[in-house]
Amino acid sequence: MDLSSPITTLPGIGSIMAKKLEKLGIKSVFDLLYHIPFRYEDRSKISSISQIQPGETVTIIGKIESIKNDFTKGRKFIQKAIVSDDSGSIDVIWFNQTYLTRTLKAGDSVTLYGKVEFFGPKKTLVSPEYEIGNNLIHMGRIVPIYPETAGVSSKWLRAKIFPILTTLTDFSPFDIQSLKNIHFPQSLDQTESARRRLAKDELLLLQLSALIHRQSWQKTRLSHIFSVPYPQIRQFIANLPFTLTLSQNKTVDEILTDLSTPNPMNRLLEGDVGSGKTIVAAIAAYAAHLNNFQTLILAPTQILAHQHYQTLKSLIDPFGISVGLITGNSKLDAKRYTLDAIFVGTHALLSKKFDSVGLIIIDEQHRFGVAQRALAASKGESPHILTMTATPIPRTVALTLYGDLDLSVLTDLPSGRIPVKTWVIPEHKRSAAYEWIKSQKTQTFIVCPFIEESETLKSVKAASAEFAKLAQIFPHLKLGLLHGKLKAKEKEEVIHKFRAGESDILVSTPVVEVGIDIPDATVMIIEAAERFGLAQLHQLRGRVGRSDQQSYCLLFSNSDTDRLKAMETHHSGLELAEIDLKLRGPGNIYGTTQHGLPRFKVASYQDFDLINEVKAEAAKILPDLKKYPLLRSLLQEAKMQEVQPN
Ligand code: ADP
Ligand code: MG
């Protein structure tokens with residue numbers, strides 16, 4: 001067994017258990033060892049039975065004098081035991097665990113951890129955790145509590161992790177002592193330095209694999225180097241219906257420079273919602289076309305693919321360049337695509353063959369897995385690749401996470417944009433807000449967090465229920481309903497109607513988050529806004545404010561309003577992400593899904609200093625990688641697993 005072995009190589013872990021573990025992100029032995037406790041329980045102090053008091057949570061070691069199954073008054077099974085040590089004895093009970101009388105036998109030495117209560121007149125240890133024998137894992141120490149899932153308890157995890165840690169000896173450069181200290185610390189102080197060391201290792205691995213990617217990328221030589229005919233491109237830009245922003249211009253320059261070098265471009269374009277990434281992509285595609293190469297533009301959803309298709313068509317048609325659309329249910333279906341210059345599509349595009357792809361553009365890149373991105377790249381012969389994202393990642397963090405990519409950032413919004421006026425609206429002002437919407441005579445988005453009412457989210461207005469309610473509130477307006485469970489065709493229709501102005505209000509789950517561009521809509525309402533991260537709210541808000549009209553964003557919420565109020569004064573996704581980072585910690589800033597950042601096991605996005613430290617170290621190690629066999633094998637493994645989007 002080594003660290004990269006699949007988890008099923010461990011004794012007692014079959015395919016069913018492996019499935020459960022996968023829910024925790026545990027696929028290999030390595031993953032198991034890097035399943036980090038989120039808190040600890042101090043069970044190190046052993047109490048004498050005679051000393052313990054009701055209300056205390058205690059660890060005792062004793063002998064089982066007797067144990068039996070009994071019934072409660074309500075005819076439920078109850079297990080009763082008496083346990084003694086030198087100082088005295090105590091009653092112990094469990095509820096409805098009949099198997100216990102087979103596990104625990106009179107005469108056994110047992111360690112128990114639990115709460116002492118009065119049960120009737122007697123001091124009783126109620127439902128304690130137990131461990132038999134002298135080689136204790138779960139008792140008599142500081143005990144780790146892990147993120148759990150159904151069928152995988154902390155106790156189960158401890159029992160698996162403990163023996164591996166004791167057999168590991170030399171795992172240099174990975175510090176085995178830190179792993180021991182984070183799982184089974186002698187004192188709580190040890191956990192913090194262990195965490196830092198492990199975080200550093202994790203970042204180092206990430207940074208090294210990025211550097212290796214980058215190296216191999218830079219070694220790739222193109223068989224056909226693009227020439228960039230600047231006059232024609234300038235002409236193209238001059239014919240756009242608007243002038244490019246400063247940072248659009250700068251980015252275009254960076255891309256054109258990349259395109260004319262002998263190795264393929266691998267660039268990430270980061271830009272806030274509405275910063276105008278699409279047109280930058282179009283210019284790159286035009287440059288590819290001038291070199292007789294096809295461009296593939298990959299969009300995460302059909303809605304977006306359609307939208308890009310329309311946009312590009314209108315921009316590029318005047319130049320006599322044909323644009324094709326390929327989605328799951330597109331009519332355009334050929335074995336091999338030889339004609340059009342630009343193809344816009346969803347992942348359906350990845351199963352097609354093309355004639356001469358020279359440029360691949362991936363929009364909202366985090367929505368695609370590494371495998372999909374690699375497949376996209378295989379559609380051409382070392383094609384140039386431009387990925388685009390609206391996820392606000394601070395520059396230093398982006399450079400670490402995507403160290404293999406060159407980075408361009410759109411820092412300014414197209415001129416003439418008016419900041420979206422934003423208010424947090426408490427419940428008692430809801431009707432007034434509705435009246436205000438009626439008076440606005442504009443198109444409105446209403447976003448509800450989830451489609452069905454679910455038990456744990458009772459307070460959340462389900463979009464469907466909300467839709468019915470809103471239809472009564474706005475009897476004179478036409479409403480559309482958009483959610484993830486609709487068929488692609490139905491979604492298209494709903495969006496189409498809204499875009500064409502045939503409906504006034506689009507009630508939706510957060511599916512609108514991804515890129516929809518409907519400039520006539522100027523009001524965005526977000527229900528239960530406290531459920532969203534600020535960066536996510538900002539993305540949603542970015543659906544409006546796309547024209548020269550004043551737009552508005554109303555955040556309905558009764559709680560967490562101080563945090564939400566940051567939305568009223570801040571209009572940069574990056575700033576908002578950083579505010580949330582401070583207020584709520586890194587786990588929450590980007591919402592629960594779709595943030596596109598790798599899920600760290602130990603490190604955090606707040607570790608700026610550590611990130612910088614590691615960058616320097618990685619650069620030093622890289623030339624000497626031969627000397628670190630384990631590091632190399634981990635890198636190998638990381639390459640196979642690659643960080644998947646969440
Ligand atoms: P995103 O970066 O979110 O993908 P888009 O590319 O969809 O943004 O652009 C948002 C809107 O801004 C589009 O309607 C687009 O036509 C418009 N736009 C882009 N660049 C400019 C510009 N320089 N001046 C004015 N409008 C622009
Ligand atoms: Mg976009």
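The values are calculated or read from the model by the stated rules, or taken from the named source; none is laboratory data. Bear in mind the structure is a predicted one, so any value in this text is a computation, not a measurement. Neighbour counts run over all protein chains shown; Cβ positions are idealised from the backbone, glycine included.
At-a-glance table
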| quantity | calculated |
| --- | --- |
| Looking only at the stretch 284-299, and only at residues there that are away from ligand 1 (no atom under 11 Å from the Cβ) and of a type in the set (A, V, I, L, M), the one that is surrounded by the fewest Cβ atoms within 10 Å (Cβ to Cβ) | L290 |
| Candidate set from the stretch 388-423 (those that are away from ligand 1 (no atom under 13 Å from the Cβ) and among the polar types (S, T, N, Q)); member that is modelled with the lowest pLDDT | T396 |
| Only listed residue being modelled with pLDDT under 80, among the charged types (D, E, K, R), more than 21 Å from R197 (Cα to Cα) and surrounded by fewer than 17 Cβ atoms within 10 Å (Cβ to Cβ), chosen from K582, K626 | K582 |
| Output for the stretch 103-133, where each listed residue is in contact (Cβ under 8 Å) with a residue 40 or more places away in the chain and part of a strand (DSSP E or B) | S109, V110, T111, L112, Y113, G114, K115, V116, E117, F118, K123, L125 |
| Among residues of the stretch 270-292, those that are within 12 Å of ligand 2 (Cβ to nearest atom), among the polar types (S, T, N, Q) and assigned to a loop (DSSP other than H, G, I, E, B), counted | 1 |
| Single match in I326, I303, I321 (criterion: of a type in the set (V, I, T) and within 16 Å of ligand 2 (Cβ to nearest atom)) | I303 |
| Qualifying residue in the stretch 460-483 (condition: within 16 Å of ligand 1 (Cβ to nearest atom) and at pLDDT 90 or above) | no |
| Number of the condition not met by Q302 [criteria: (1) away from ligand 1 (no atom under 14 Å from the Cβ); (2) buried (at least 23 other Cβ atoms within 10 Å of the Cβ)] | (2) |
| Identity of the residue in the stretch 279-295, free of Cβ contacts under 8 Å to residues at least 60 places away in the same chain and not small (G, A, S), that ends up farthest from H538 (Cα to Cα) | H289 |
| Residue match in the stretch 231-243 (condition: within 16 Å of ligand 1 (Cβ to nearest atom), under 24 Å from G358 (Cα atoms) and touching a Gly at 6+ places or on another chain (Cβ under 7 Å)) | no |
| Test: residue in the stretch 41-59 that is assigned to a strand (DSSP E or B), of a type in the set (D, E, K, R) and under 30 Å from A603 (Cβ atoms) | yes |
| Any chance G133 is out of contact with any Leu (no Cβ under 8 Å at 6 or more places or on another chain), on the phi > 0 side of the Ramachandran plot and not assigned by TED's automatic domain parsing to the domain that holds Q97 | no |
| Qualifying residue in the stretch 197-207 (condition: in contact (Cβ under 8 Å) with a residue 24 or more places away in the chain, among the hydrophobic types (A, V, I, L, M, F, W, C) and within 16 Å of ligand 2 (Cβ to nearest atom)) | no |
| Residue that is farthest from H289 (Cα to Cα), among those in the stretch 225-274 that are among the charged types (D, E, K, R) and over 31 Å from the mean Cα position of the chain (by Cα) | D253 |
| Residue pairs meeting the criteria (Cβ under 7 Å; at least 6 apart or on separate chains; first among the β-branched types (V, I, T), in the stretch 242-254; second more than 6 Å from ligand 1 (Cβ to nearest atom) and not in a loop (DSSP other than H, G, I, E, B)) | T251/L269; T251/V280; T251/S408; T251/L410; V252/V280; V252/I283 |
| Matching residues, the stretch 595-616, being more than 22 Å from L33 (Cβ to Cβ) and modelled with pLDDT of 60 or more | Y605, Q606, F608, D609, I611, N612, E613, K615, A616 |
| In the stretch 34-59, the residues that are more than 40 Å from the chain's Cα centre (by Cα) and within 30 Å of E22 (Cβ to Cβ) | none |
| Some residue of the stretch 490-508 being in a loop (DSSP other than H, G, I, E, B) and touching a Leu at 6+ places or on another chain (Cβ under 8 Å) | yes |
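Okay, residues lined up against (1) in contact with a strand residue (DSSP E or B) (Cβ under 8 Å, 6 or more places away or on another chain); (2) buried (at least 22 other Cβ atoms within 10 Å of the Cβ); (3) modelled with pLDDT of 85 or more; (4) not assigned by TED's automatic domain parsing to the domain that holds L259:
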site: K313; (1), (2), (3), (4): yes, no, yes, no
site: F319; (1), (2), (3), (4): no, no, no, no
site: G328; (1), (2), (3), (4): no, no, no, no
site: L349; (1), (2), (3), (4): yes, yes, yes, no
site: D363; (1), (2), (3), (4): yes, yes, yes, no
